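Have a look at the structure below before the remarks.
The values are calculated or read from the model by the stated rules, or taken from the named source; none is laboratory data. Just so it is clear, the model here is predicted, and its values are computed rather than measured. A quick note on method: Cβ atoms are made from the backbone with ideal geometry, for glycine too, and the neighbour counts reach across all protein chains shown.
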């Protein structure tokens, strides 16, 4: 089984002491490639440096909505230059998060739109983050959608209507360990069979969102655990895990070129 963790944060300090072991465990679990996702200027820098130091690691650059208040044209220019590194294969994660409100709505929306423009100019797929935007992210996408734009809805946890709207844009749907959690993942397990196989990605969002059964033993998530997401996804869809993993590997390689 060949797996691609399409979204993780291996630049996080929780991996500082054992990053080589984390990558080794991932490889032993069949995870041959990992996308390290940037969330601000420093995080994007670390993601690119880490991707350059190991085979099978790739990076994205971007400003997470939590950090939008600290964004500027200078920061954006820096990320555009950084994005020209051959290991950078996506822009993100970007979007709207009206849950914790670490940045004002006006800042989130302004820099979300500017980053969409930057990603389009560089012809990079977009990694989208959405939480409690009450349809606002979809509104902006309808206003600013380029027909050639590719992307993935990271950690999808929306409803059926939102799922179909995202798929109408041509986006992939990222499935995390939430799928494996009995109560929290129940609705997602119902929606999972509605997604065409060629539009699904699996991800850990490590070190967050540890899937079952690993969450019973450790709080820290890591790319090796994406296999548990794939197995639960195959179960929910009543499909063969090997066949599904092959399709999802191809999906991820296609999106990230």
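Test of understanding: among 185, 177, 146, which residue is over 21 Å from residue 35 (Cβ atoms) and surrounded by 21 or more Cβ atoms within 10 Å (Cβ to Cβ)?
Details: 177 fails: over 21 Å from residue 35 (Cβ atoms); 146 fails: surrounded by 21 or more Cβ atoms within 10 Å (Cβ to Cβ).
Of 185, 177, 146, the one residue that is over 21 Å from residue 35 (Cβ atoms) and surrounded by 21 or more Cβ atoms within 10 Å (Cβ to Cβ) is 185.
Taking the condition more than 17 Å from residue 65 (Cβ to Cβ) and buried (at least 23 other Cβ atoms within 10 Å of the Cβ), does residue 172 pass? First the steps, then the outcome.
Numbers: more than 17 Å from residue 65 (Cβ to Cβ): yes; buried (at least 23 other Cβ atoms within 10 Å of the Cβ): yes.
Spelling it out, residue 172 is indeed more than 17 Å from residue 65 (Cβ to Cβ) and buried (at least 23 other Cβ atoms within 10 Å of the Cβ).
Yes or no: segment 67-80 includes at least one residue that is within 22 Å of residue 226 (Cβ to Cβ) and crowded, with 24+ Cβ neighbours inside 10 Å.
Within segment 67-80, the first condition is being within 22 Å of residue 226 (Cβ to Cβ), and the residues that meet it are none.
Checked segment 67-80: no residue is within 22 Å of residue 226 (Cβ to Cβ) and crowded, with 24+ Cβ neighbours inside 10 Å.
From (1) within 24 Å of residue 2 (Cβ to Cβ); (2) part of a strand (DSSP E or B), pick out the condition that doesn't hold for residue 91.
Residue 91 satisfies all of (1) within 24 Å of residue 2 (Cβ to Cβ); (2) part of a strand (DSSP E or B) except (1).
Within the bounds of segment 192-211, is there any residue that is surrounded by fewer than 18 Cβ atoms within 10 Å (Cβ to Cβ) and over 28 Å from residue 135 (Cβ atoms)?
The answer is no; no qualifying residue exists.
Under 6 Å between Cβ atoms, which residue pairs at least 6 apart in sequence (or on different chains) link something in segment 211-237 that is at positive phi and part of a helix (DSSP H, G or I) with a partner that is crowded, with 18+ Cβ neighbours inside 10 Å and modelled with pLDDT of 95 or more?
none
Of the residues that make up segment 88-95, is at least one surrounded by fewer than 18 Cβ atoms within 10 Å (Cβ to Cβ) and touching a residue at least 12 places away in the same chain (Cβ under 8 Å)? So that I can check it myself, show each step before the final result.
First pass over segment 88-95, keeping only residues surrounded by fewer than 18 Cβ atoms within 10 Å (Cβ to Cβ): none.
The answer is no, given that none of the residues of segment 88-95 is surrounded by fewer than 18 Cβ atoms within 10 Å (Cβ to Cβ) and touching a residue at least 12 places away in the same chain (Cβ under 8 Å).
Among the residues of segment 24-41, how many are assigned to a helix (DSSP H, G or I) and over 18 Å from the mean Cα position of the chain (by Cα)? I'd like the intermediate steps shown before the answer.
Going residue by residue through segment 24-41, those that are assigned to a helix (DSSP H, G or I) are 24-28, 41.
From the residues that got through so far, the ones that are over 18 Å from the mean Cα position of the chain (by Cα) too are 24-25, 27-28.
Counting residues in segment 24-41 that are assigned to a helix (DSSP H, G or I) and over 18 Å from the mean Cα position of the chain (by Cα) gives 4.
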